[in-house]
1. Could you grab the pairs with beta carbons closer than 6 Å, sequence gap of 6+ or different chains, first residue in the stretch 31-45 and closer than 22 Å to ALA78 by Cα, second one assigned to a loop (DSSP other than H, G, I, E, B) and at pLDDT 90 or above?
2. Take the conditions in contact (Cβ under 8 Å) with a residue 60 or more places away in the chain and among the β-branched types (Val, Ile, Thr) and apply them to VAL98. Does it pass?
3. What pairs come up if the first residue lies in the stretch 312-339 and is in contact (Cβ under 8 Å) with a residue 12 or more places away in the chain and at positive phi, the second is exposed (fewer than 14 other Cβ atoms within 10 Å of the Cβ) and part of a strand (DSSP E or B), and their beta carbons are under 8 Å apart, counting only those six or more places apart or on different chains?
4. What are the pairs, 6+ residues apart or on separate chains, where a residue within the stretch 160-177 that is more than 19 Å from ALA109 (Cα to Cα) has its Cβ under 9 Å from a residue that is outside any strand (DSSP E or B) and among the small types (Gly, Ala, Ser)?
5. I'd like to verify a number: residues in the stretch 31-74 that are part of a strand (DSSP E or B), over 20 Å from the mean Cα position of the chain (by Cα) and farther than 27 Å from SER119 by Cα, how many?
6. Among residues belonging to the stretch 250-274 that are without any contact (Cβ under 8 Å) to a residue 24 or more places away in the chain and not in a loop (DSSP other than H, G, I, E, B), point out the one that is surrounded by the fewest Cβ atoms within 10 Å (Cβ to Cβ).
7. Please find, among ASP174, ASP93, ASP106, the residue that is touching a strand residue (DSSP E or B) at 6+ places or on another chain (Cβ under 7 Å) and buried (at least 19 other Cβ atoms within 10 Å of the Cβ).
8. Looking only at the stretch 279-300, filter to residues that are modelled with pLDDT of 95 or more and within 20 Å of the chain's Cα centre (by Cα); which one of those is surrounded by the most Cβ atoms within 10 Å (Cβ to Cβ)?
Amino acid sequence: MELRNFTRRARVLRLSSLVAGLLALGVGHLAGAQDTPLLSGGVGFFSNTPGGNTSAYSILEPLAAVPVGPHLLIESRAALLETWSPNGQGGYDHSHFVGLTYLQGDYVASSHLTAVVGSYLLPFGTYNERLSPIWIGNFQDGPLVASLGLLSTGTGLGAQLRGNAISRAKYSIDYTTWYSARSANSQFSAERSFGGRSSLYLPGQRLEVGLSYDRSLQNTQENFYGMHVWWEPKETNFRLRSEFARGHHAQGYWVEADYRTAAFGGLDSFIGRFEPLFRMQQTFRRDTIISDGLPLLNTQRADFGLDYNLPHNVRILTSYTRQFSSTSNENIWETGIVYRFLFPAWRGK
């Protein structure tokens, strides 16, 4: 037990030292610059009740964005997690985790090219990069198919090239390509892979359609394919997001819609702060050799949510899920509260 506690304290100290180093780097290079480091992130408390068994967890996800001159940006996100779960004997087990989610350097060469090196979120599909932070996602948990194409870690260790390939008044095309090396480091674990994503965006329709590809090069080599569609009609507060992913052992999709009304005094009125949600998702097994993080049986889930957007970047998240599979059906209730913070490290000039 003492050894375990010592290891945990050591991880906390390493994380604190790393964050302090990032800020010191920003101070050393930006003392006379207008761009200042931004400290952002979210803190939340959640409860999850699948099949009548309630678990709870609190999480702090700080994010640092440190510009170094006009072209270089260092960014990192960490996770500090405390979990309480039933132990089957009438009590609860407690565990905690501290670690970096990613740590990367971005060199912005132009609007058409940004080079990324370090530990980064794999840009397969959209959920991992865009919706996984707790202060952004509408639902407490991610889609069942979110892990497909992200290998075992969801992060890569290596390099990316990304940017805007074509930009016109009526459309634009962006791209991302990456290569990840193998790493067994406990803090920056990754598998060897390469892949890419490309998206077409139509600003007139506010419609985005994209394709993703990932090739696993470690152990059993596999291909993963993905597609996403996002739509946010103009002059409405309706959003539609969807993804499809296919691997060698499983495939699935999710479709999510949310809406806020401005008809009763605007989005900041009592009614306008309510945000009803719906998400439909299904997974399909091609075989049961490897789960890929997906259920080993064909599964359907319907998620019904109602979020409330309080002032000062505070949100209350509630949802009810009905899950269907060939062996059993299950009800899942989830609640949570999230606060998003954002401030500069110091006053800019």
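The values are calculated or read from the model by the stated rules, or taken from the named source; none is laboratory data. Just so you know, these numbers come straight off a predicted model, no measurement behind them. Heads up, the Cβs are rebuilt from the backbone with ideal geometry, glycines too, and the neighbour counts pull from every protein chain shown.
1. Pairs that qualify, where the first residue is closer than 22 Å to ALA78 by Cα and the partner is assigned to a loop (DSSP other than H, G, I, E, B) and at pLDDT 90 or above, are GLY42/ILE134; GLY42/TRP135; GLY44/ILE134.
2. Details: in contact (Cβ under 8 Å) with a residue 60 or more places away in the chain: yes; among the β-branched types (Val, Ile, Thr): yes.
Criteria met by VAL98.
3. Every condition considered, the pairs that remain are ASN313/LEU342.
4. ALA169/GLY204; LYS170/GLY204; TYR171/GLY204
5. Residues that pass the stated criteria total 3.
6. If we take residues in the stretch 250-274 being without any contact (Cβ under 8 Å) to a residue 24 or more places away in the chain and not in a loop (DSSP other than H, G, I, E, B), then TYR259 is surrounded by the fewest Cβ atoms within 10 Å (Cβ to Cβ).
7. On the way: ASP174 fails: buried (at least 19 other Cβ atoms within 10 Å of the Cβ); ASP93 fails: buried (at least 19 other Cβ atoms within 10 Å of the Cβ).
Just one listed residue meets the conditions, ASP106.
8. Applying the filter and picking the extreme gives THR283.
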